[in-house]
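Right, one structure below, let's go through it.
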Amino acid sequence: MLLRRFALATLLPAAFAAAQQGGAATATLAPELRPGENFVFTVSVESASRFEDAKKNVSMVTCLTFTATVGERELDATKVECRLDRLRLRATAPNVSVDYDSAAPLPDSGPLQTLRELTGSVFTLEVSATGEVTAVEKPRLLDKAAEDSIGADFRTLFSAWFVALPHEPMAIGTSWNGSSKLFGVMPGNAATPTTYRLAAVDRSQALVTAIYQPAAPTTRPGVMFEIRQSEGSMTIDLERRRIVRTEARLLARATRSKGSETATSTIVMCAAEGAEDPDVHGVSSVFATAE
């Protein structure tokens, strides 16, 4: 399987292989949020659609860097404030090209000024005892019109970093059923069914793979929609009890029966500790699996 080869080649250091032979055999994966703790993470989302007519191709990369501060636990949830420190956006489409970085100089006015004003804004999360985001209080600057144009469920934005994981020790090779909001929610506000598997453990890290089962979107008559790949992985720091890297990719193909026009779309999401763009692979590797 592509994911297994990819993980072995890029995510599993030699220590993982050695650990499976003579090291840790189980791991406790559930996250532990410690009041007063601060950490920086960056989420990169790359989406693209390719058509038979290359002139119609569309691509967009959004990269957001946050500083998270863990608050006190209140009832069954912990408040986590995520301050947006930097926003990068690259987009290309027919007759459109945007390359924006909030850290770069920019005129005081213009269509990108609103993006700059978002820098420094705070998203306040409610994280449940199981580790998943249950609610997000967005910055006041994001009014309803802006939210509608973004089309974002903000739980999705942070679901790469806050995931419900088992509290009991898990053995290498164990699989379990869960859910994910990475690709949005299904009808009825339900998260995407997901199968997780503890793939490897060493003294300080664990690798968990994920197979997502998103529902195909409602399509127009004469259009066939096929999800061809939907999988990912998480690297967990076992000492700090926190996810330190997440990767997820979704590849879909839509075919119009009239004229047999085909469009292939993909989303690659990466999140990692630190302020650098964590997406070192991009959508090109995903497109290669469809060719």
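The values are calculated or read from the model by the stated rules, or taken from the named source; none is laboratory data. From a predicted model like this one, the values you see are computed outputs, not experimental measurements. For neighbour counting, all protein chains shown are included, and Cβ atoms are generated from backbone atoms with ideal geometry for every residue, glycine included.
Below are the figures for this structure:
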| read-out | value |
| --- | --- |
| Region 190-215, residues that are touching a Leu at 6+ places or on another chain (Cβ under 8 Å) and over 17 Å from Gly173 (Cα atoms) | Thr192, Ser204, Tyr212, Pro214 |
| Considering residues of region 108-144 that are of a type in the set (Lys, Arg) and exposed (fewer than 15 other Cβ atoms within 10 Å of the Cβ) only, the residue modelled with the lowest pLDDT | Lys144 |
| Residues (more than 16 Å from Ala93 (Cβ to Cβ) and touching an Asp or Glu at 6+ places or on another chain (Cβ under 7 Å)) located in region 40-62 | Val40, Phe41, Thr42, Ser44, Glu52 |
| Candidate set: region 65-97, residues that are touching a strand residue (DSSP E or B) at 6+ places or on another chain (Cβ under 9 Å) and outside any strand (DSSP E or B); chosen: the one farthest from Glu37 (Cα to Cα) | Pro94 |
| Pick from region 176-190, criterion over 11 Å from Ala164 (Cβ atoms) and buried (at least 19 other Cβ atoms within 10 Å of the Cβ), ranking: modelled with the lowest pLDDT | Phe183 |
| Residue within region 98-105 that is surrounded by fewer than 13 Cβ atoms within 10 Å (Cβ to Cβ), part of a loop (DSSP other than H, G, I, E, B) and at pLDDT below 85 present | yes |
| Any hit, region 8-18, residues being within 17 Å of the chain's Cα centre (by Cα), modelled with pLDDT of 90 or more and not small (Gly, Ala, Ser) | no |
| Leading residue by the ranking (nearest to Trp176 (Cα to Cα)) among those in region 195-214 that are hydroxyl-bearing (Ser, Thr, Tyr) and buried (at least 16 other Cβ atoms within 10 Å of the Cβ) | Tyr196 |
| Residue among Ser260, Ser265, Ser285, Ser230 that is hydroxyl-bearing (Ser, Thr, Tyr), within 18 Å of the chain's Cα centre (by Cα), modelled with pLDDT under 90 and not in a strand (DSSP E or B) | Ser285 |
| Residue within region 65-72 that is under 27 Å from Ile227 (Cβ atoms) and either surrounded by fewer than 19 Cβ atoms within 10 Å (Cβ to Cβ) or touching a Pro at 6+ places or on another chain (Cβ under 6 Å) (or both) present | no |
| Residue, modelled with the highest pLDDT, within region 213-227, restricted to residues that are of a type outside the set (S, T, N, Q) and touching a Pro at 6+ places or on another chain (Cβ under 8 Å) | Ile227 |
| So Arg249, is it part of a strand (DSSP E or B) and either over 30 Å from Gly131 (Cα atoms) or modelled with pLDDT of 80 or more (or both) | yes |
